[in-house]
Amino acid sequence: MFKRLFAIALTFGMAATAPPAFAQSCAQREDVIAKLQNSYAEELTFGGLQKTRGAQSVLEVWSSKETGTYTVLLTQANGISCIVAVGTDFFEAIPKIKIDGTPS
């Protein structure tokens, strides 16, 4: 019984101290941006401030029309950027233009 309890406590203790999976994709913002520009020809498409747990961070989407790739970054106030999502086949939605005098 004691061995089982000890094994469970050890397992949960190790899991609690393990770094989050996304922490492996974090680095200084300048390094992340250089990689996006040089390796994927991505440029800043849009971004904005995000307030989380009392702190503000910057959410950015970088994309490339050339390669079709995109990357979503979350940058903290300390200058560390974390890659939140990546993908391919990026597209921009074009809003519909309403012409006066015609039914929609």
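The values are calculated or read from the model by the stated rules, or taken from the named source; none is laboratory data. Since the structure is predicted, the reported quantities are computational estimates derived from the model, not experimental observations. FYI the Cβ positions are ideal-geometry reconstructions off the backbone, even for glycines, and counts take in every protein chain you see.
Here residue 51 meets each of (1) out of contact with any strand residue (DSSP E or B) (no Cβ under 7 Å at 6 or more places or on another chain); (2) touching a residue at least 24 places away in the same chain (Cβ under 8 Å); (3) part of a strand (DSSP E or B) with one exception, condition (2). When each of 11, 45 is tested for being over 13 Å from the mean Cα position of the chain (by Cα) and either at pLDDT 90 or above or acidic (Asp, Glu) (or both), the lone residue that passes is 45.
Hey, could you check region 66-83 for residues that are more than 16 Å from residue 27 (Cβ to Cβ) and touching a residue at least 24 places away in the same chain (Cβ under 8 Å) and say which is surrounded by the fewest Cβ atoms within 10 Å (Cβ to Cβ)?
66
Identify all residues within region 28-44 that are surrounded by fewer than 16 Cβ atoms within 10 Å (Cβ to Cβ) and either within 16 Å of residue 85 (Cβ to Cβ) or among the acidic types (Asp, Glu) (or both); write none if there are none. Scanning region 28-44 gives 30, 31, 35, 43, 44. Restricting attention to region 54-104, the residues that are over 15 Å from the mean Cα position of the chain (by Cα), closer than 21 Å to residue 39 by Cβ and part of a strand (DSSP E or B) total 0.
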